[in-house]
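The values are calculated or read from the model by the stated rules, or taken from the named source; none is laboratory data. Because the structure is a prediction, the values reported are computed rather than measured. Positions of Cβ are backbone-derived with ideal geometry, glycine not excepted, and every protein chain shown enters the neighbour counts.
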Amino acid sequence: MTGLREIGPSLWCLDSHFKVWGCKGSTRMSVIGVADGLVLYSPVSLSKADIAHIESLGRVHTIIAPNLYHHMYLRAAAAAFPQARVLVPDGLERKIGPIPRAEITRSETGLSGDLDHHVFSGHALREICLFHRPSGSLITADLLYNFHAEQFAAEKAFFRVLGIYGRPGVPFYHRFAIENKAAVRQLIDMVRTWPVRRIVPCHGRIVEHPDAGDAFAALWEQFA
């Protein structure tokens, strides 16, 4: 992978991968600069060089596990940055056990003035998505995928079967994870209030478009 790269004002990402059943999957951590330091969203496996590069950018203030499935490298990141606050979705500790310094992320949880967040509590993922105002970026883990030729073979094949390869999309199976349709409407309405011109998903190509927020909202309308 390419290492930490800047993708917008005070916004960097680190592309990485994981293995499931012997198959590689792509994943991405976002590093967000805010007034208090840095926020790590969805930690990936970090080498000593990655940690040094992050520390050269500033002090890691907060580490966020974005949903109930993006936790593989959370404890390692918390150990690498012992001064950082650790924000997790409700239910993660019940799923995987104690997490050092864990705080449940709620709608009233305070972040930086440069960073808005939304807790999608009516969905089984319990996803926490962010909006970074300086870069106009919506940062999400599993609420949108955008798989293209640069991804690994197994995931390309899987998303071809789902019919959303080669373009931003939301898989049909999200329908079965929705517990409260009113929460879907809240997600859509929240994203529409943000001037989103970039979407940074954890899986697949980054979306750059002046109307990226409207495109995201339109994809989720099918579940509302």
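The number of residues in the stretch 156-199 that are of a type in the set (S, T, N, Q) and either surrounded by fewer than 17 Cβ atoms within 10 Å (Cβ to Cβ) or at pLDDT below 95 (or both) comes to 2. When the stretch 86-101 is filtered for residues that are at pLDDT 95 or above and surrounded by fewer than 19 Cβ atoms within 10 Å (Cβ to Cβ), the ones remaining, listed by number, are Asp90, Gly91, Glu93, Arg94, Lys95, Ile96, Gly97, Pro98, Ile99, Arg101. Specify which of the listed residues (Ala65, Ala35) is on the phi < 0 side of the Ramachandran plot and either modelled with pLDDT of 95 or more or touching a Phe, Trp or Tyr at 6+ places or on another chain (Cβ under 6 Å) (or both). So the residue among Ala65, Ala35 that is on the phi < 0 side of the Ramachandran plot and either modelled with pLDDT of 95 or more or touching a Phe, Trp or Tyr at 6+ places or on another chain (Cβ under 6 Å) (or both) is Ala65. Could you please let me know if Met29 is at pLDDT below 95, aliphatic (A, V, I, L, M) and either in a loop (DSSP other than H, G, I, E, B) or closer than 26 Å to Ile96 by Cα (or both)? Taking the combined requirement at face value, the residue does not satisfy it. The condition of being of a type outside the set (Asp, Glu), more than 21 Å from Tyr41 (Cβ to Cβ) and assigned to a helix (DSSP H, G or I) does not hold for Arg167.
In summary, Pro195 fulfils each of the numbered conditions (1) assigned to a loop (DSSP other than H, G, I, E, B); (2) touching a helix residue (DSSP H, G or I) at 6+ places or on another chain (Cβ under 6 Å); (3) not acidic (Asp, Glu) with the single exception of condition (2). Based on this model, can you work out whether Leu46 counts as aliphatic (A, V, I, L, M), closer than 15 Å to Asp15 by Cα and not in a helix (DSSP H, G or I)? So Leu46 fits the description; yes. Asp142 fulfils the conditions (1) buried (at least 20 other Cβ atoms within 10 Å of the Cβ); (2) touching a Lys or Arg at 6+ places or on another chain (Cβ under 6 Å); (3) closer than 22 Å to Cys23 by Cα except for a single criterion, (2). The one condition from (1) modelled with pLDDT under 95; (2) part of a helix (DSSP H, G or I) that Ala76 does not meet is (1).
Counting only residues that are charged (D, E, K, R) and in contact (Cβ under 8 Å) with a residue 24 or more places away in the chain, which one in the stretch 190-221 is farthest from Ile139 (Cα to Cα)? Looking at residues that are charged (D, E, K, R) and in contact (Cβ under 8 Å) with a residue 24 or more places away in the chain, I get Glu221. In the stretch 53-76, the residues that are surrounded by fewer than 17 Cβ atoms within 10 Å (Cβ to Cβ) reach residues that are of a type in the set (Gly, Ala, Ser) and outside any loop (DSSP other than H, G, I, E, B) with C-beta atoms within less than 6 angstrom, at least six apart or across chains, in these pairs: Gly58/Gly37; Arg59/Gly37. Note on the stretch 101-132: among residues that are among the charged types (D, E, K, R) and free of Cβ contacts under 8 Å to residues at least 24 places away in the same chain, the one that is farthest from Ile188 (Cα to Cα) is Arg101.
Going by what's in this entry, would Pro98 be described as out of contact with any strand residue (DSSP E or B) (no Cβ under 7 Å at 6 or more places or on another chain) and within 22 Å of Leu4 (Cα to Cα)? It is false that Pro98 is out of contact with any strand residue (DSSP E or B) (no Cβ under 7 Å at 6 or more places or on another chain) and within 22 Å of Leu4 (Cα to Cα). Out of the stretch 154-171, which residues are small (Gly, Ala, Ser) and without any contact (Cβ under 8 Å) to a residue 40 or more places away in the chain? Selection gives Ala157, Gly163, Gly166. Residues being charged (D, E, K, R) and at pLDDT 95 or above are represented in the stretch 108-123 by at least one member.
Filtering the stretch 110-136 to residues that are outside any strand (DSSP E or B) and farther than 24 Å from His174 by Cβ leaves Gly110, Leu111, Ser112, Gly113, Asp114, Arg133, Pro134, Ser135, Gly136.
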